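The values are calculated or read from the model by the stated rules, or taken from the named source; none is laboratory data. This structure is a prediction, so every number in the text was calculated from the model and none was measured. All Cβ positions, even for glycine, are placed from backbone atoms using ideal geometry, and neighbour counts span all protein chains on display.
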Amino acid sequence: MTELSRLNNQHALLTGAGGGIGLAVAAAYLAEGARCTVADLSARAPVDVVALMRRFPGRLQYIAADVTQGASVDALIETATAAFGPVQVLFNNAAVFDMAPLLESDEAMYDKLFAVNVKGMFFMMQKVLAHMVRLGTRGTVINMASQAGRRGEALVAHYCATKAAVISYTQSAALAMAPSGIRVNAIAPGVVDTPMWSQVDALFARHEQLAPGAKKIAVGLAVPLGRMGHPDEIAGAAVFLACAESAYITAQTLNVDGGNVMS
């Protein structure tokens, strides 16, 4: 860590950060001088989180939490604050994915996706924003949207709708919080090579009658830059939106997708 670290002594709370993009962002925040509270569903810290704790002793804690449960969110914020002080950055990342043909998509799938991706996202954001306002913290919130929130997809209707809701809530929250000096933005990744893509690829293989791995190859080749993204490339955008370099940016959703969406 140097004097130029962009998040020196900031406390960042990250949900859905037991692996993948969330964990990559936590690593980037720690490298920039932050203290991080990482939350996910697992009762115990995942192996990769433990490894990160060893790299940054005393600056990373893991808390099991379920963003769909208000009491769990309250406990998360209280425990995080007790260890590292007021939350100054929220990386609001917890989400689930599923897909089905439109005429076969049932109420259970709808409820599951909206419970985590919309209800969980909103109330996590709301409670952290209330925490920031109460303590007079001029913090920042970064919600995780998706290129799926920019357009519909025949097999992914519910997921696309949840991510469109993230973009809309980001805009509304940013306007509501601007008088308090709190910024709210979002990131819309494209196709990113994370462990979750094994699940996504398997679902596409079933519904589109593809060979395993074929969809993952195809979507990477279809990106204008010719490949899938890497979690570290999302982390760079997350650092930028959390630090003073983006002090005049709010209510925006930043596409980090290799050129898939132009807006």
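If you go through the range 230-248 one residue at a time, do you hit one that is touching a Pro at 6+ places or on another chain (Cβ under 8 Å), surrounded by fewer than 20 Cβ atoms within 10 Å (Cβ to Cβ) and outside any strand (DSSP E or B)?
no
I'd like to check something: does the range 176-199 contain any residue that is among the basic types (Lys, Arg), modelled with pLDDT under 95 and crowded, with 18+ Cβ neighbours inside 10 Å? Reasoning before the result, please.
Going residue by residue through the range 176-199, those that are among the basic types (Lys, Arg) are 183.
This time we only want the ones that are modelled with pLDDT under 95, so: none.
No, every residue in the range 176-199 fails to be among the basic types (Lys, Arg), modelled with pLDDT under 95 and crowded, with 18+ Cβ neighbours inside 10 Å.
Among the numbered conditions (1) touching a residue at least 12 places away in the same chain (Cβ under 8 Å); (2) in contact with a helix residue (DSSP H, G or I) (Cβ under 9 Å, 6 or more places away or on another chain); (3) not in a strand (DSSP E or B), tell me where ALA174 comes up short.
Every listed condition holds for ALA174 apart from (2).
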